[in-house]
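Structure first, then comments.
Values in this text are rule-based calculations from the coordinates and carry no lab data. Not measured: the values here are computed from a predicted model. Note that we place each Cβ from the backbone using ideal geometry, even for glycine, and neighbour counts take in every protein chain shown.
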Amino acid sequence: MTTIAVLGNGRVGGNLAAALTRAGHQVTVADSTPGAAADAARTARIVINATPGAGAPERLAALRDELRGKILVDVSNATTDGPDGLPADLLHPGSSLAEQLQEALPETSVVKTLNTMLYPVMTAPTMLSRPPTAFLSGEDPQAKQTVRELLTDLGWHKEWITDLGGIRTARATEAAILFVPHVIRADGFAPFAISIAR
Ligand SMILES: NC(=O)c1ccc[n+]([C@@H]2O[C@H](COP(=O)([O-])OP(=O)(O)OC[C@H]3O[C@@H](n4cnc5c(N)ncnc54)[C@H](OP(=O)(O)O)[C@@H]3O)[C@@H](O)[C@H]2O)c1
């Protein structure tokens with residue numbers, strides 16, 4: 001059992017919090033109420049960022065003390081939205097949100113994962129007709145091992161998890177968001193994930 005704070009109580013945050021609670025973890029969820037994120041992060045061992053990507057480095061830098069020495073699991077994407085509300089372009093071209101977060105929080109181990117799929121797949125990876133991939137990006141091997149175990153708790157098979165390397169590799173998975181509006185326009189909101197086929 002691990003104490004986990006989920007920042008963001010929307011589709012992603014609510015879904016992850018419910019699944020992690022079912023898996024036996026002690027989970028606190030914070031919405032955008034002032035002070036809620038700090039209160040939740042203070043008492044947790046692992047903090048999950050499931051808030052909008054825009055402005056996240058500044059918002060989370062304000063939690064520097066609460067996040068010191070902890071793992072920050074970043075599942076968010078930072079995009080500008082098109083007129084239809086779907087993601088249109090990257091907010092950090094030539095970098096990534098994950099790198100910005102790691103730079104803003106040098107005493108925190110940032111691990112990027114689960115940002116390459118629609119939210120229902122995050123907690124039910126066997127729902128798809130073919131195995132999805134969960135990518136890991138981060139500088140701290142121990143933190144990535146801990147996140148691997150959390151993914152296992154969420155139903156991810158070991159062979160579906162791919163460690164891409166350091167935090168800079170999040171550029172690749174964050175860029176995958178550029179598929180999303182086109183896939184949704186083509187096929188609707190049916191759950192999907194980016195997967196490496198072999
Ligand atoms: N939806 C997906 O399938 C999916 C898949 C992969 C990654 N993501 C990423 O996951 C993140 C969350 O997506 P979502 O679909 O769950 O969004 P959402 O349903 O709109 O939920 C966003 C949550 O973040 C909170 N929030 C908004 N502004 C905040 C702030 N300034 N400080 C703290 N909390 C704030 C909201 O709080 P209130 O309820 O109080 O407004 C809400 O609980 C985004 O970065 C998105 O790119 C989404």
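Worth a mention:
- Model label points for Asp81 and Leu178, set 7 angstrom from Cα along the Cα-to-Cβ axis, are 2.2 nm apart.
- The stretch 1-59-the stretch 83-103 distance, computed between alpha-carbon centres (Å): 20 Å
- Estimated inter-spin distance, Thr152 and Arg45, nm [label 7 Å along Cα→Cβ]: 1.4 nm
- Sites matching GluC sites (Glu not before Pro) across the stretch 54-159 that sit in DSSP coil, with at most 11 neighbouring C-beta atoms within 10 Å: Glu107
- Chain lengthening between Ala54 and Asp89 when straightened (0.36 nm per residue, less Cα-Cα): 11.4 nm
- Overall form of the stretch 99-198 per C-alpha gyration tensor (a/c, 1.5; a/b vs b/c): oblate
- Here the label points at Glu159 and Glu107, each 7 Å from Cα along the C-beta direction, are separated by 4.3 nm in the simple model.
- Gyration tensor (alpha-carbon) shape descriptor, the chain, a/c threshold 1.5: rounded
- Segment Thr3-Arg64, length gained on full extension (0.36 nm per residue, minus Cα span): 20.1 nm
- For the stretch 103-198, applying the loop criterion from DSSP together with a ceiling of 15 other beta carbons within 10 Å to the chymotrypsin sites (Phe, Trp or Tyr not before Pro) yields Phe189.
- Extended-chain gain in nm, criterion 0.36 nm per residue less alpha-carbon gap, Leu118 and Arg130: 2.9 nm
- Solvent-free Debye calculation, one equal scatterer per alpha-carbon of the stretch 138-190: log10 I(q)/I(0) at 0.23, 0.24, 0.30, 0.31 Å⁻¹ equals -0.94, -0.95, -1.05, -1.08.
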